[in-house]
Amino acid sequence: MKLNVSIFFNDKQDHLNIWWQGVALLSVLLLMNLPLYFVDQRLLADEVLWLKPIKFEISVIIHLITLAVLASLLSTERRNAFSWKGMSYVVVAATLFEVLYIFLQAARGRESHFNNSTTVESVMYGLMGVGAVLMVAGSFYLGCLLYRQYKSERSDIVLLSAAFGLIMGSVLTLLIAGFLSSSEKGYLVVNSESVMRVPLFGWYLDGLDFRIPHFFATHMMQLLPLYGLYLSRSNMTTAASKARLYWVAGIYTLLIVVIFVVGVLKVRQIY
């Protein structure tokens with residue numbers, strides 16, 4: 001199946017254009033954010049305070065592009081259904097709200113996540129949780145739509161991989177994010193001086209940083225569709241391509257679950 005890029009530039013497809021409008025706005029914010037990172041070196045939660053908004057802006061831009069491109073795989077009927085149109089606007093609005101609040105909190109030198117210091121910040125953190133659920137609901141719903149379409153086009157490995165990536169990535173993201181929201185800051189470090197950290201990402205490699213499985217769960221939504229695209233261009237038979245996809249998707253999912261469960265068990269041992 002070919003990606004129908006032309007539909008994004010059709011005025012009648014305004015609900016698809018909204019994805020690219022969201023990407024454009026976030027890209028402008030990112031370009032504003034980058035100079036601030038080099039000029040303002042204040043620290044917040046062990047890292048330069050502008051690094052967090054930059055990471056979220058890049059991640060969300062990738063997420064919106066993913067949904068926009070994969071939505072082009074839908075049939076005209078499904079793409080123009082009221083439910084998907086409405087979901088498009090809801091997800092983009094929730095995304096902009098999340099990123100703008102993270103940016104504003106960084107400008108104030110305040111945490112956006114796990115911050116219940118004031119009534120306003122507590123309410124905003126709760127709203128961020130609602131926004132995150134809406135974002136994941138959008139990717140999950142698109143995955144379901146793509147799977148329904150795959151059922152009528154059994155030979156399309158791209159549709160199947162996109163559906164798997166969106167559905168499993170959404171479920172795992174929501175599961176891990178739910179656990180994260182119940183913790184104080186998303187990770188636990190017994191002795192920060194002796195624990196190795198991943199450059200740029202700032203992850204702690206002590207098995208207690210749940211941001212790691214969260215990252216790989218979220219970006220399953222890009223990796224599996226890309227793998228499906230690779231399989232579609234290989235010389236393998238349809239059956240062989242599906243078998244390879246099932247194995248890769250299964251192993252990827254298992255690794256995320258194992259990392260997450262090991263972390264949970266370690267937390268229980270400490271407490």
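Name the single residue that is modelled with the lowest pLDDT among those in region 172-190 being within 26 Å of SER117 (Cβ to Cβ) and among the polar types (S, T, N, Q). Ranking the qualifying residues of region 172-190, first place goes to SER183. Scanning region 42-93 for residues that are surrounded by fewer than 14 Cβ atoms within 10 Å (Cβ to Cβ), touching a Leu at 6+ places or on another chain (Cβ under 7 Å) and of a type outside the set (A, V, I, L, M) yields a single hit, ARG42.
Please go through region 193-242 and pick out each residue that is closer than 23 Å to VAL262 by Cα, modelled with pLDDT of 90 or more and out of contact with any helix residue (DSSP H, G or I) (no Cβ under 7 Å at 6 or more places or on another chain). Once the filter is applied, which keeps residues that are closer than 23 Å to VAL262 by Cα, modelled with pLDDT of 90 or more and out of contact with any helix residue (DSSP H, G or I) (no Cβ under 7 Å at 6 or more places or on another chain), region 193-242 yields PHE215, HIS219.
Scanning region 94-140 for residues that are of a type in the set (S, T, N, Q) and crowded, with 21+ Cβ neighbours inside 10 Å yields THR95, GLN105, SER112, SER139.
State the number of residues belonging to region 116-143 that are of a type in the set (A, V, I, L, M, F, W, C) and under 13 Å from GLY169 (Cβ atoms). Count: 5. For region 37-59, taking the residues that are assigned to a helix (DSSP H, G or I) and in contact (Cβ under 8 Å) with a residue 60 or more places away in the chain, the one that is farthest from the chain's Cα centre (by Cα) is identified as LEU51.
Residue-wise test of (1) of a type in the set (Lys, Arg); (2) at pLDDT 85 or above; (3) touching a Phe, Trp or Tyr at 6+ places or on another chain (Cβ under 8 Å).
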site	(1), (2), (3)
LEU16	no, no, yes
TRP19	no, yes, yes
GLY22	no, yes, no
LEU25	no, yes, no
ASP40	no, no, yes
LEU44	no, no, no
VAL48	no, no, yes
ILE54	no, yes, yes
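The values are calculated or read from the model by the stated rules, or taken from the named source; none is laboratory data. Computed from a prediction, not measured in an experiment: that's the story for all the values here. Please note: Cβ atoms are built from the backbone with ideal geometry, for glycine as well, and neighbour counts cover all protein chains shown.
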